[in-house]
Amino acid sequence: MKKINGNFYQKSIVSIDQFDAHDIEKVFDVADSYKKGLEKGTVFHDLEGKLLTALFYEPSSRTFGSFTAATQRLGGGIIPIQGVQFSSVVKGETLEDTIRVFASYSDAIALRHPEEGASKHAAEVSPVPIINAGDGVGEHPTQALLDLYTIKERLGRTEHLSIAMVGDLKYGRTVHSLSKLLSLYKNIVMYFVCPKTSQMPQDIVNLIKKRGVKIEIVSSIQPIIDKMDVLYMTRVQKERMDKKLYESIKDLFILNGRMAGRMKKKSIIMHPLPRIHEMTTDVDSNPRAVYFTHEVKNGMYVRMALLKLVLAK
Ligand code: NCD
């Protein structure tokens, strides 16, 4: 995929591999200005006359909702395709054909699809930019950007961080994008807390190691929790594995309020959501928990920034 290289205009956003630290700074600067503006009630018109298709082949609440909110907050319109069971996909239409059709109606397509590589494939045939809203077990680049934006906002830095990624690291796409994104910064130590049957893919481990990330693989949250700056919890991706594997790993790593209380004062607990078994609800009132209080809203600001940079000159 084309690197961003300081210029987002009309480019598809498929992978974190397209970004460097300057590109990320640019997204965050624009997101900051939208955040400030919305907080004081500014009405934006940057996407007036533009249309986004949100084409979702997999369930979604936040990503779908925030792409919709982001477009409308900028004065743009949206073609919401959520639940392809009501579309021609059930008649057997290919992804390529569906993409060509919606590219004729709209200026960009945010695509969520169960197959890894679907966004890249779509970008190759689409005359309008594709934004990857999650491609199977592949990547979720917009989630990683909102996660890093939240880390920067809450901790004041993107370097010198100890982060534990907990849960299903093989099938969870958010941690794939986030690890690659964090590897662009200095002094990052990542602790992977995951089952033996669901480890971070080797190609990602090789890449981030080469970039200087220090990796520790640990079998429990308990011994490391008090040293972490960021605890990034994830859901076991039930729909991407057989029942036997799911049953064997679903309850392995559970964060509760008592454990969360042992974390450093200036540290944060993150989760891309939805939360299932892996985090009890008593964690929510811990002041370090930022998933409902910051990550969700930041997702809208960051997607506003991306849409503006891709669609408006
Ligand atoms: C994530 C996803 O879809 O990958 N959700 C989201 O977009 N916030 C995480 C998940 O479903 O577990």
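The values are calculated or read from the model by the stated rules, or taken from the named source; none is laboratory data. Quantities reported herein were computed from a predicted structural model and do not represent experimental measurements. Cβ sites come from the backbone with ideal geometry, for glycine too, and all protein chains shown count toward neighbours. Just the protein is used for accessible areas: all its heavy atoms, side chains included, with ligands, DNA and RNA removed. Shrake-Rupley method; radii C 1.70, N 1.55, O 1.52, S 1.80 Å.
How many residues does the range 153-188 hold that are surrounded by fewer than 19 Cβ atoms within 10 Å (Cβ to Cβ) and assigned to a helix (DSSP H, G or I)? Residues flagged as surrounded by fewer than 19 Cβ atoms within 10 Å (Cβ to Cβ) and assigned to a helix (DSSP H, G or I) within the range 153-188 amount to 2.
GLU295 falls short on exactly one of the conditions (1) open to solvent by 20 Å² or more (accessible area, probe 1.4 Å); (2) assigned to a helix (DSSP H, G or I), and that condition is (1). Screening the candidates ALA103, ALA122, ALA54 for the property of being more than 16 Å from the ligand (Cβ to nearest atom), in contact with a Pro (Cβ under 6 Å, 6 or more places away or on another chain), assigned by TED's automatic domain parsing to the domain that holds TYR34 and not in a loop (DSSP other than H, G, I, E, B) yields one hit, ALA103. Look at (1) open to solvent by 10 Å² or more (accessible area, probe 1.4 Å); (2) in contact with a helix residue (DSSP H, G or I) (Cβ under 8 Å, 6 or more places away or on another chain); (3) over 23 Å from ILE99 (Cβ atoms) and you find that VAL137 fails only one, number (3). Of all residues in the range 190-202, one or more are open to solvent by 10 Å² or more (accessible area, probe 1.4 Å), on the phi < 0 side of the Ramachandran plot, aromatic (Phe, Trp, Tyr) and at pLDDT 95 or above. Annotation: of all residues in the range 261-278 being more than 12 Å from the ligand (Cβ to nearest atom) and surrounded by 15 or more Cβ atoms within 10 Å (Cβ to Cβ), the one that is farthest from the chain's Cα centre (by Cα) is MET263. For the range 282-293, state whether one or more residues are in the same structural domain as HIS160 (by TED's automatic domain parsing), in contact (Cβ under 8 Å) with a residue 60 or more places away in the chain, in contact with a strand residue (DSSP E or B) (Cβ under 9 Å, 6 or more places away or on another chain) and closer than 30 Å to ALA31 by Cα. The answer is yes, given that some residue of the range 282-293 is in the same structural domain as HIS160 (by TED's automatic domain parsing), in contact (Cβ under 8 Å) with a residue 60 or more places away in the chain, in contact with a strand residue (DSSP E or B) (Cβ under 9 Å, 6 or more places away or on another chain) and closer than 30 Å to ALA31 by Cα.
Between LEU307, LEU207, LEU252, LEU245, which is touching a residue at least 60 places away in the same chain (Cβ under 8 Å) and more than 15 Å from the ligand (Cβ to nearest atom)?
Working: LEU207 fails: touching a residue at least 60 places away in the same chain (Cβ under 8 Å); LEU252 fails: touching a residue at least 60 places away in the same chain (Cβ under 8 Å); LEU245 fails: touching a residue at least 60 places away in the same chain (Cβ under 8 Å).
None of the other options fit; the residue is LEU307.
Against the test of being closer than 27 Å to PHE253 by Cα and hydroxyl-bearing (Ser, Thr, Tyr), the options SER177, SER119 yield a single qualifying residue, SER177.
For GLY134, the conditions (1) within 16 Å of the ligand (Cβ to nearest atom); (2) assigned by TED's automatic domain parsing to the domain that holds ALA289 are fulfilled apart from (2). Number of residues in the range 226-259 that are out of contact with any Pro (no Cβ under 6 Å at 6 or more places or on another chain) and open to solvent by 50 Å² or more (accessible area, probe 1.4 Å) equals 12.
Reported count of residues in the range 57-94, each being in contact with a strand residue (DSSP E or B) (Cβ under 7 Å, 6 or more places away or on another chain), open to solvent by less than 60 Å² (accessible area, probe 1.4 Å), part of a helix (DSSP H, G or I) and away from the ligand (no atom under 16 Å from the Cβ), is 1.
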